[in-house]
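Here is the structure we will look at, set down as structure tokens.
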Amino acid sequence: MSNENNIKAPIFSYEEIRNHTDHFLKQYHPSMEIPIPIEEIAEFQMGLNIVPIPGLLRAFDVDGFTSSDLFNIYVDEFIYSDRPGRYRFTLAHEVGHIILHKEIYSKASFRNIKEWKEFVNSISEKDHRWLEYQAYSFGGLILVPREHLIRLTEFYVYRIQDEDISLRENWDFAWDLIAAQLAKDFEVSPDVIEKRLSKDKVMDMYC
């Protein structure tokens with residue numbers, strides 16, 4: 001196996017990543033119904049193999065990774081079977097690498113987790129952070145489309161107010177309730193919702 005040591009991450013702004021996800025959803029899920037069926041898209045439309053690996057997270061501290069030929073997504077078996085929200089985000093994150101970082105993966109030829117780890121370690125820390133940030137952003141944008149996020153947030157804000165919970169006086173409590181409900185609707189973790197609310201400045205609409 002020959003890995004490059006001068007791999008540079010592409011520079012995508014958040015809005016450029018959003019444009020990629022908008023195109024992706026238009027191609028693979030034009031109905032935009034939620035929750036976004038990322039497993040079905042990956043497996044049946046993109047033709048990817050999803051392979052559970054026992055002990056992947058414990059041994060290598062990763063939820064999943066993608067093969068260098070971009071045909072297989074390997075996922076920790078426990079996350080695959082017992083953590084549906086985390087599993088869905090892992091798939092969306094890895095699909096982000098496939099869409100955004102094809103050229104980088106084309107420079108590698110890792111055949112197993114050990115070689116994948118060597119490949120990752122050959123990338124500078126700065127560039128690796130960029131790659132992960134981009135894939136993380138892609139995952140959140142795919143699973144939580146902005147239009148649905150704004151619409152459902154407005155719905156739950158009104159519901160909270162109908163229950164006489166003041167956003168102004170109970171800001172943190174109210175948004176914890178809203179984020180928990182949104183997480184159920186999108187089938188992701190509250191942490192993903194909180195990051196999307198912050199990044200898209202949705203909460204600022206109610207200040």
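Numbers below:
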read-out	value
Selection within the stretch 8-50 - more than 18 Å from TYR136 (Cβ to Cβ) and not assigned by TED's automatic domain parsing to the domain that holds GLN134	LYS8
Of the criteria (1) assigned by TED's automatic domain parsing to the domain that holds LEU48; (2) of a type in the set (S, T, N, Q); (3) surrounded by fewer than 18 Cβ atoms within 10 Å (Cβ to Cβ), which one GLN134 fails	(3)
Candidates GLU154, GLU194, filtered to the one that is at negative phi, of a type in the set (D, E, K, R), part of a helix (DSSP H, G or I) and surrounded by 15 or more Cβ atoms within 10 Å (Cβ to Cβ)	GLU194
Check on ALA108, without any contact (Cβ under 8 Å) to a residue 24 or more places away in the chain, surrounded by 15 or more Cβ atoms within 10 Å (Cβ to Cβ) and either more than 15 Å from the chain's Cα centre (by Cα) or assigned by TED's automatic domain parsing to the domain that holds VAL188 (or both)	no
Some residue of the stretch 116-129 being farther than 30 Å from CYS207 by Cβ, assigned to a helix (DSSP H, G or I), at pLDDT below 95 and of a type in the set (Phe, Trp, Tyr)	yes
All positions within the stretch 19-34 that are assigned to a loop (DSSP other than H, G, I, E, B) and over 13 Å from PHE186 (Cβ atoms)	HIS29, PRO30, SER31
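The values are calculated or read from the model by the stated rules, or taken from the named source; none is laboratory data. Keep in mind it's a predicted model, so treat the numbers as computed, not measured. Don't worry about glycine lacking a Cβ; one is built from the backbone with ideal geometry, like all the others, and counts go over all protein chains shown.
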